[in-house]
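Student: Pasting a structure below so you can have a look.
The values are calculated or read from the model by the stated rules, or taken from the named source; none is laboratory data. Every value quoted in this text rests on a predicted model; they were computed, and no experiment measured them. As a convention, Cβ positions derive from the backbone with ideal geometry for all residues, glycine included, and neighbour counts pool all protein chains shown.
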């Protein structure tokens, strides 16, 4: 007895499989940013609150942050799952902050180190 291959028994299912596998699913790469916070004398600042904003306007009005956290004992914080774009940073500890400038990252890249130093005074 001749056995019909499974593919021939279900040609519609086979064609659907070919169509589905021909589409490419593009997954955005994970992007990380490491932000070091220092004072004017270049001393690391532990426990500084660092907030990332996705737009300059949100940074100015301090609304809709993308991420926020505090710097480690080594003076840095790392944010993950970010988009490849520019972010605006607000860093503060006590009466020290970066409101006078030094508040923007370069465009982040999935295949880059994305390290930034923010001085608060």
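Student: Has the stretch 58-69 got at least one residue that is crowded, with 17+ Cβ neighbours inside 10 Å and touching a residue at least 60 places away in the same chain (Cβ under 8 Å)?
Tutor: Looking through the stretch 58-69, none of the residues is crowded, with 17+ Cβ neighbours inside 10 Å and touching a residue at least 60 places away in the same chain (Cβ under 8 Å).
Student: Continuing with the same structure: Report whether or not residue 15 is exposed (fewer than 14 other Cβ atoms within 10 Å of the Cβ), modelled with pLDDT under 95 and in a helix (DSSP H, G or I).
Tutor: Yes: the conditions hold for residue 15.
Student: Among the residues of the stretch 29-48, are any at pLDDT below 95, within 20 Å of the chain's Cα centre (by Cα) and more than 25 Å from residue 95 (Cβ to Cβ)?
Tutor: yes
Student: A follow-up question, please. Taking the conditions exactly as written (assigned to a strand (DSSP E or B), surrounded by fewer than 17 Cβ atoms within 10 Å (Cβ to Cβ), in contact with a strand residue (DSSP E or B) (Cβ under 9 Å, 6 or more places away or on another chain) and modelled with pLDDT of 95 or more), does residue 92 satisfy them or not? Talk me through it step by step, then tell me what you get.
Tutor: Working: assigned to a strand (DSSP E or B): yes; surrounded by fewer than 17 Cβ atoms within 10 Å (Cβ to Cβ): yes; in contact with a strand residue (DSSP E or B) (Cβ under 9 Å, 6 or more places away or on another chain): yes; modelled with pLDDT of 95 or more: yes.
For residue 92, the condition - assigned to a strand (DSSP E or B), surrounded by fewer than 17 Cβ atoms within 10 Å (Cβ to Cβ), in contact with a strand residue (DSSP E or B) (Cβ under 9 Å, 6 or more places away or on another chain) and modelled with pLDDT of 95 or more - is met.
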